[in-house]
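Every number here is computed from the coordinates shown, using simple stated rules; none is lab data. Everything numeric in this text was worked out from a predicted model, so none of it was measured. Please note: Cβ atoms are built from the backbone with ideal geometry, for glycine as well, and neighbour counts cover all protein chains shown.
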Amino acid sequence: MYDYLIVGAGLYGATCAYELNKKGYKCLVIDKRDHIAGNIYTKEIEGINVHVYGAHIFHTSNKEIWDYINQFAEFNNFINQPVARYKNELYNLPFNMNTFTKLWNDVFTPDDAKNKIEEEKNKYHIEDPKNLEEQAINLVGPTIYEKLIKGYTAKQWGRPCTELPSFIIKRLPVRFTFDNNYFNDRYQGIPIGGYTKIIEKMLSGIEVRLNYDYKLHKNEINANNVIYTGPIDEYFDYCYGPLEYRKVEFKTEILDCDNYQGNAVVNYTQYEIPYTRIIEHKHFEFGKQSKTVISKEYSSTWKPGDEPYYPLNDNKNNDLYNKYKELADKEKNISFGGRLGLYKYYDMDDTIEVALNYLKDIK
Ligand code: UDP
């Protein structure tokens with residue numbers, strides 16, 4: 001008999017398990033995969049911690065969350081400074097003075113850059129932007145949009161920017177300083193030794209069953225409460241139809257060279273290049289190994305049975321989620337959490353914060 005059955009050994013599930021275990025509740029954590037840590041799982045290859053489900057860079061402005069995660073690992077001083085490749089040109093991201101001075105050879109100062117973008121924006125300004133394309137053009141003008149946003153975004157989300165919600169682009173900062181830090185957050189880094197170790201620590205002393213599918217085994221487990229971090233639509237057998245996600249696939253290669261691209265992340269913003277980005281994992285931890293491991297990231301349409309990654313939070317899908325949420329609210333002794341259970345585009349810090357908020361009410 002368990003107090004809590006936690007379905008999913010990812011960051012949300014592990015945070016819940018750790019805190020509930022500390023409060024004295026008996027927990028069982030199950031996961032249908034053969035490993036813990038969900039999508040933050042890292043695996044050592046050639047002495048390099050490989051981010052198996054894509055790059056995860058921890059960043060937050062919330063000191064409480066930063067202190068919280070630092071209980072479980074020491075973080076290095078990695079700062080994400082991705083580079084974008086468009087045809088035979090390389091640009092710094094996010095959009096900043098390094099990007100602007102390279103794009104326009106008559107731009108030298110922040111004022112020059114502002115004037116240039118203003119000039120471009122004025123020509124194309126759209127009142128009340130309704131989609132990502134309009135929002136992006138209003139934000140940075142058509143040149144940056146064409147070279148650095150249009151193709152990348154269409155590849156990542158599988159539809160043109162005119163059919164995407166504008167909020168997606170709001171994640172990307174625009175700065176008039178020579179600052180290549182992708183994030184605006186106060187705290188940032190990569191856990192030394194990989195993310196899997198964090199989850200191992202969180203789950204230490206707690207019973208975990210891997211290769212264990214909730215749907216197949218739920219009747220065998222006696223638990224007073226369930227925390228479900230799988231897809232909410234799957235839980236309800238897709239009774240209102242499936243929610244849409246984006247699927248991401250990684251083609252990982254070990255290369256016999258010590259430095260393939262000189263940076264952890266290079267985005268390929270041209271539509272014709274089939275992958276969205278190449279991750280060179282060793283650079284997350286300033287690795288000096290003689291070989292390197294790279295992953296090409298391909299984004300594609302998700303269908304039921306595939307691994308879901310990004311929830312597609314447009315109006316249609318959010319409305320559908322709300323219908324599932326109504327069903328969820330009627331269920332007894334079960335709560336839903338994480339990116340899939342709550343159908344939200346959460347970063348790692350959000351995930352922990354939402355979990356800790358949920359746990360506050362449990363004495
Ligand atoms: N984006 C872009 N060009 C880039 C990088 C990002 O247009 O080179 C846009 C794109 O629309 C993407 C959004 O910014 O969906 C958010 O990107 P981010 O890198 O934050 O996504 P994540 O790392 O979560 O996949």
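For the chain, the Kirkwood estimate of hydrodynamic radius, built from reciprocal distances between every pair of different alpha carbons, is 22.0 Å. The convex hull defined by the C-alpha atoms of the stretch 149-237 has an orientation-averaged projected area of 11.2 nm².
The mean sequence separation of alpha-carbon pairs under 8 Å and at least six residues apart, normalised by the residue count of the stretch 212-309, gives a relative contact order of 31 percent. Computed over the stretch 46-113, the Cα gyration tensor eigenvalues convert (square root of 5λ each) into semi-axes of 33, 18, 8 Å, ordered from largest to smallest. Each peptide in 163-169, 26-32, 100-106 was scored by the mean count of other Cβ atoms within 10 Å over its residues; highest first, the order is 26-32, 163-169, 100-106. Computed log10 I(q)/I(0) for the stretch 286-363 at 0.16, 0.18 Å⁻¹: -0.80, -0.93, from the Debye equation with unit scatterers placed on every C-alpha and solvent omitted.
Take every pair of alpha-carbon atoms less than 8 Å apart whose residues are at least six positions apart; their mean separation over the length of the chain yields a relative contact order of 26 percent. A simple packing score, the average count of other Cβ atoms within 10 Å per residue, orders the peptides 110-118, 259-267 as 259-267, 110-118, with the highest score first. Taking a straight line from the alpha carbon of LYS197, these aspartates and glutamates sit under 18 Å away, with near neighbours fewer than eight places off in the same chain left out: GLU19, ASP31, ASP34, GLU44, GLU46, ASP67, GLU74, GLU207, GLU285, ASP349. Using a cut-off of 22 Å between Cα atoms, the listed pairs LYS201/LYS325; LYS26/LYS323; LYS43/LYS282 include LYS201/LYS325; LYS26/LYS323 as exceeding that distance. Fully extending the segment from GLU146 to LEU356, taken as 0.36 nm per residue of separation minus the present Cα-Cα distance, adds 71.5 nm. Alpha carbon centre of the stretch 31-62 versus the stretch 312-363: separation in Å? Rounded to whole Å, the Cα centres lie 22 Å apart. Ordering 36-49, 75-88 by mean Cβ neighbour count within 10 Å, with the highest value first, yields 36-49, 75-88.
Projecting the Cα atoms of TYR4, GLN261, VAL83 onto the dipole axis of the chain, where Lys and Arg carry +1 and Asp and Glu carry -1 at the beta carbon, places TYR4 farthest toward the positive end.
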